[in-house]
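First comes the structure, then the notes that go with it.
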Amino acid sequence: MREVLDPLLAGWHTGGAAALATVVRTFKSAPRPAGASMLVSEDGTVVGSLSGGCVEGAVYELGSQVIEDGRPVLVRYGISDDDAFSVGLTCGGILDVFVERVNRESFPELAAVQHDIAGSLPVGVATVIEHPDATWLGRHLIVRPHGFDGDVGSEHANRAISDDVQGLLAAGRNSTLTYGPDGERRGEGMRVFFNSYAPRPRMLVFGAIDFAAALARLAAFLGYRVTVCDARAVFATAARFPDADEVIVGWPHRYLAEQLAAGLVDNRTVLCVLTHDPKFDVPLLEVALRSEQFAYIGAMGSRRTHEDRLARLRDAGLDEAELDRLHSPIGLDLGSRTPEETAVSIAAEIIALQWGGSGEPLSGLVDRIHHDDQDESVPPLAAPAAPE
């Protein structure tokens, strides 16, 4: 929903309605992940994408119907099913898409969700997408680290869902959960999609050089909150790094230690050391590698620089397990030459590590393209609940 939130709210504030279509589950080689959204407004305007073009036409027609009759619909695209409103995906994947009408009455908490997202506060939305009682469909529970708002249908279900999604909220992950009709953890009948809006993951870039400017630009595009830090005030300026969210003048190892002590680093944070100067990067990496908080730690430099760096870190007392967390020389072998190409190389390594990719050309592989936790088994959709 994040990608369509602004136009969705524009209609919500004026009392209008829109159809919000969300990918709630994927199977096999689906083109977009769970959480991808598309908005169909009352005037026919479309924002967002679910599949890169395969199913958008069908979803547009279904969204127009949902705006008119107000009945949420869960539909599967990608297989032939005489009983389902389905369209094939050329990629061979399968998507479950939930389409709901959104207005002030159906989603009164929407403005509060937007307020939390804008303030970088963790918040998530749990939506009932399957239930034997049609009156439960489309109900929302707004979940925060220390409580919830809204009502999916019963207090028992509210508390079970709120408790179960805290881990997803902390990790910024989306998922579909299955319960019994009243939120029983053992049983079937109700499915809930949880869409997490954790604050953007951080990228900490050390070294105010031209490679850092290119990396900051690409990282911002990828959705990171970017910090550039360097002890040299003449280089660490906002003017030189317009794409960074913040530019810090300070000794890198001291800044990082402060961030760790304040709890401002989590297991989604990536750290890129571009200084390749021992007086900066060795104390910094000593702090970083002793922590297990980071998703990625990479350092720029030649192989000779890397070997010298490892020797200095061993002299500082780091063990081999800690050194194994270091990716150096940083990036994948793309033959990069320019700062922009090097930034792509670094980002590619981070993405491959995050999703389990090999970094090999797809044309030479026989395994499926996506390396995430998409399901291979495809359970049947429940029959639609009869309207009251």
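So the values come out like this:
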quantity: Selection within the range 151-172 - within 28 Å of residue 32 (Cβ to Cβ) and surrounded by 19 or more Cβ atoms within 10 Å (Cβ to Cβ); calculated: 152, 161, 162, 165, 168, 169
quantity: Residue count for the range 193-210, restricted to those that are more than 10 Å from the chain's Cα centre (by Cα) and crowded, with 21+ Cβ neighbours inside 10 Å; calculated: 9
quantity: Filtered residues of the range 268-293 (kept if outside any helix (DSSP H, G or I), in contact with a helix residue (DSSP H, G or I) (Cβ under 8 Å, 6 or more places away or on another chain) and surrounded by 20 or more Cβ atoms within 10 Å (Cβ to Cβ)); calculated: 268, 270, 271, 272, 273, 274, 275, 276
quantity: Extreme residue, surrounded by the most Cβ atoms within 10 Å (Cβ to Cβ), among residues of the range 173-192 that are part of a strand (DSSP E or B) and free of Cβ contacts under 8 Å to residues at least 60 places away in the same chain; calculated: 179
quantity: Test result for residue 222, surrounded by fewer than 18 Cβ atoms within 10 Å (Cβ to Cβ) and among the aliphatic types (A, V, I, L, M); calculated: yes
quantity: Complete set of residues in the range 90-141 that are among the β-branched types (Val, Ile, Thr), under 30 Å from residue 225 (Cα atoms) and outside any helix (DSSP H, G or I); calculated: 97, 102, 123, 125, 127
quantity: Residue identified as at pLDDT 95 or above and either under 20 Å from residue 354 (Cβ atoms) or out of contact with any Asp or Glu (no Cβ under 9 Å at 6 or more places or on another chain) (or both) among 177, 218; calculated: 218
quantity: Whichever residue in the range 131-168 is touching a Pro at 6+ places or on another chain (Cβ under 8 Å) and touching a residue at least 60 places away in the same chain (Cβ under 8 Å) and, among such residues, is nearest to residue 113 (Cα to Cα); calculated: 138
quantity: Tabulated pairs, the range 1-19, first touching a residue at least 24 places away in the same chain (Cβ under 8 Å) and of a type in the set (Lys, Arg), second crowded, with 16+ Cβ neighbours inside 10 Å and not in a helix (DSSP H, G or I), C-beta under 8 angstrom, 6+ apart or interchain; calculated: 2/37; 2/197
quantity: Qualifying residues in the range 225-239 (those that are closer than 22 Å to residue 301 by Cα and either touching a strand residue (DSSP E or B) at 6+ places or on another chain (Cβ under 6 Å) or basic (Lys, Arg) (or both)) - the one surrounded by the most Cβ atoms within 10 Å (Cβ to Cβ); calculated: 228
quantity: Pairs where the first residue, in the range 257-275, is closer than 11 Å to residue 227 by Cβ and modelled with pLDDT of 95 or more and the second is open to solvent by 50 Å² or more (accessible area, probe 1.4 Å) and hydrophobic (A, V, I, L, M, F, W, C), C-beta under 6 Å, 6+ apart; calculated: none
quantity: Filter pass, residue 262 being over 28 Å from residue 333 (Cβ atoms), open to solvent by 10 Å² or more (accessible area, probe 1.4 Å) and out of contact with any Ser or Thr (no Cβ under 6 Å at 6 or more places or on another chain); calculated: yes
quantity: Boolean, residue 318 is open to solvent by less than 20 Å² (accessible area, probe 1.4 Å) and over 33 Å from the mean Cα position of the chain (by Cα); calculated: no
quantity: Subset of the range 327-352 that is open to solvent by 50 Å² or more (accessible area, probe 1.4 Å), aliphatic (A, V, I, L, M) and not in a loop (DSSP other than H, G, I, E, B) - its residue that is farthest from residue 270 (Cα to Cα); calculated: 344
quantity: Criterion violated by residue 298 - all others in (1) buried (at least 18 other Cβ atoms within 10 Å of the Cβ); (2) not in a strand (DSSP E or B) satisfied; calculated: (2)
quantity: Residue in the range 353-364 that is in a loop (DSSP other than H, G, I, E, B), open to solvent by 60 Å² or more (accessible area, probe 1.4 Å), within 24 Å of residue 285 (Cα to Cα) and at pLDDT 90 or above present; calculated: no
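The values are calculated or read from the model by the stated rules, or taken from the named source; none is laboratory data. Since we're looking at a predicted model, the values are computed, not measured. Glycine gets a Cβ as well: all are built from the backbone with ideal geometry, and neighbour counts include every protein chain shown. Side chains are part of the model used for accessible areas, which takes the heavy atoms of the whole protein and leaves out ligands, DNA and RNA. Shrake-Rupley method; radii C 1.70, N 1.55, O 1.52, S 1.80 Å.
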